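The values are calculated or read from the model by the stated rules, or taken from the named source; none is laboratory data. Model, not experiment: these values are computed from the prediction. No Cβ is skipped: glycine too gets one built from the backbone with ideal geometry, and neighbour counts run over all protein chains shown. Only protein heavy atoms, including side chains, enter the accessible area calculation; ligands, DNA and RNA are left aside. Shrake-Rupley method; radii C 1.70, N 1.55, O 1.52, S 1.80 Å.
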Amino acid sequence: MDTAGIDPLTGFLDRHGCLRNAARLTEHAHRDQKPLSAIWVNLDRFRKINGSLGMGGGDAVIAKMGDRLRSRNEHRTHIARMGSDEFLLLAPAHGCEEAASLASELLQLIAQPMEVGAMSLYPTCSVGVASLEYAEEAESLLQRAEHAMHEAKRQGGGRVVQSGDEQLPGRLGIKLAREELEVEHKLHAALQIGGLYLHYQPIVGFNGRIEAIEALMRCELNGEMVPPVKFIPVAEKTGLVIRLGEWSLMQGAMQAKRLSDLGLPTKVAVNVSRAQLTAPKFSQALYAALLCSDVEPRLIELEITESLFMDVSELVQSNMRAAIAMGVSLSIDDFGTGYSCLATLKDIPAGKLKLDRAFVVPLPEDKRVYAVVKAISQLGRELGMTVVAEGVENEQQSCALQDAGVDAIQGYLHARPMSADAVTGWLDHQAALLKA
């Protein structure tokens, strides 16, 4: 019998034999368009077992573990011993959910008490799971399973980690989940080759007047859209949000200048993150955007969350004062979802208050929400603020908001976010309607 590629202690494939088998199984999975998963198992605290029982005792533990794995899994997986206390199970026809279920079974199987000589052991293991992705090679699949196993061990062992949940160092040294890591790389590429652009969504008063258009960032790379719900959190974690914010300021200012030159002077509202407002060079970035675009500062509005307005740190307050001094207006974004303090609302240097869509969705049925919206609208009006409701999708919501004293609305009822060219045409059309 040819024993090349066979582990002599367990009778399983060894590392070299496993790599050859993994390449074969991966090729078949791609050809037949069927799933394949890799489950990497590492015994916890095996070094201590070796130290207590000696090499012979350690080998006995590995042999018994091999028998356990064989008895329950040989008929449905290909098993290999990858190192002293590491096993790999390749599971054809197992997708993510099936592989996760199998991995949970392994935790229970390995955790059963084991008699070695006169000692009773209570072993545990760390398990990493990876499922084959489109056009992925065998080596990459195994590496992902191994990385996931190391993350399970880092978290204390005795658990399963799916590939994509493990934490890996990104380009800026921040540890990210694998999916987040891919998004970070896409953001860097988008910044370098121009995969970022802005869409604009109008804010419309009940008198038909356009209050502003909000700039919303989009990311597209090689024809693939990366949703904001994915790239914004990664940008905030890695600090890239500062670069993205500076880019948005510049592009928003240039759009405001283009509209003004076309005879459609419209305020462009740009979202500002906490990272930006706590950065020492925020004022310089804002000044550079105004200078390079040659736009009138009154046509730029910064949307800042209410929690940032409440931040009493000198740097945040200084940056807001600097923006106002330049002639830029401020807006309270997502009002009502943070830690609102009505006693300090009178001191906030904002000219606009934007109600979060959480206040809009229940309307017009929820009378309590309506009462809150009406009270906030009256308060905003008394403080000289324009009150805007976000996320308005139907006429019923619009009518309730108008009755409650809201000044303007934003949402799909009027327009979805659109490109710079599209919003120019939309604004031109609205201007013609107002003149008619």
Per GNM of the chain with C-alpha springs under 10 angstrom, the most fluctuating residue out of 304, 213, 193 is 193
If I compute solvent accessible area with a 1.4 Å probe over the protein chains, what percent of it on region 100-139 is carbon and sulfur? 54 percent
Distant alpha-carbon pairs in the chain (separation over 30 angstrom), percent: 58 percent
Give me the percent relative contact order of region 244-388, please, defined on Cα pairs under 8 angstrom at least 6 residues apart. 19 percent
Protection proxy ranking, peptides 290-300, 65-75, 266-276, 223-233, average beta carbon neighbours within 10 Å, highest first: 266-276, 290-300, 65-75, 223-233
Using a 1.4 Å probe on the protein heavy atoms, what percent of the accessible area of region 342-398 belongs to carbon and sulfur? 54 percent
Accessible area in square angstrom per residue, region 280-436, 1.4 angstrom probe: 50 Å²
Kirkwood Rh over alpha-carbon pairs of region 379-430, then Stokes-Einstein at 4 °C and 1.567 mPa s: what D in µm² s⁻¹, rounded to an integer? 105 µm²/s
Accessible area of region 218-258 belonging to carbon and sulfur atoms, whole % at 1.4 Å probe: 56 percent
For residue 374, counting only lysines whose alpha-carbon sits under 19 Å away and dropping same-chain residues fewer than eight positions off, the answer is 346, 352, 354
Report, by chain and number, residues whose modeled amide H sits under 5 Å from the one on residue 353, excluding near sequence neighbours (fewer than 5 apart, same chain). 332, 386, 387, 388
Using alpha carbons only, how many angstrom separate the centre of region 199-260 from the centre of region 342-418? 22 Å
Treating cross-link reach as a plain straight distance, find the aspartates and glutamates whose alpha-carbon is under 16 Å from the alpha-carbon of residue 281, omitting any fewer than eight places away in the same chain. 246, 314
Say we join alpha carbon atoms closer than 10 Å with springs in a Gaussian network model of the chain; which of 262, 216, 142 then has the biggest fluctuation? 262
Put a dot 7 Å past each Cα toward the Cβ at residue 434 and residue 209; how far apart are the dots in nm? 0.8 nm
Kirkwood hydrodynamic radius of region 33-111, from inverse mean 1/r over distinct Cα pairs, in Å: 13.2 Å
5 Å is the cut-off here: which amide hydrogens, built 1.01 Å from N in the peptide plane, fall below it relative to residue 6, excluding neighbours closer than 5 in sequence? 14
Would you list the P(r) distribution for region 325-404, with all Cα-Cα distances sorted into 10 Å bins from 0 and each bin expressed as a whole %? 18, 52, 25, 5, 0
Amide H partners (placed H, <5 Å) of residue 121, local residues excluded: 114, 115, 116
Using a Gaussian network model of the chain with C-alpha springs under 10 Å, which one of 89, 109, 286 is most mobile by mean-square fluctuation? 109
Inter-label distance for residue 72 and residue 291, nm, one decimal - labels placed 7 Å from Cα along Cα-to-Cβ: 6.8 nm
Shape descriptor, region 184-318: equivalent ellipsoid semi-axes (Cα gyration tensor, sqrt 5λ, whole Å, largest first) stand at 23, 20, 15
Hits among aspartates and glutamates - C-alpha to C-alpha of residue 367 under 13 Å, sequence gap 8 or more where chains match: 403
Specify whether the C-alpha gyration tensor of region 303-436 places it in the rounded, prolate or oblate class, a ≥ b ≥ c being the square roots of the eigenvalues: rounded for a/c under 1.5, otherwise prolate if a/b is larger than b/c and oblate if not. oblate
Average accessible area per residue (Å²) across region 1-107 - probe 1.4 Å, nucleic acids and ligands excluded: 51 Å²
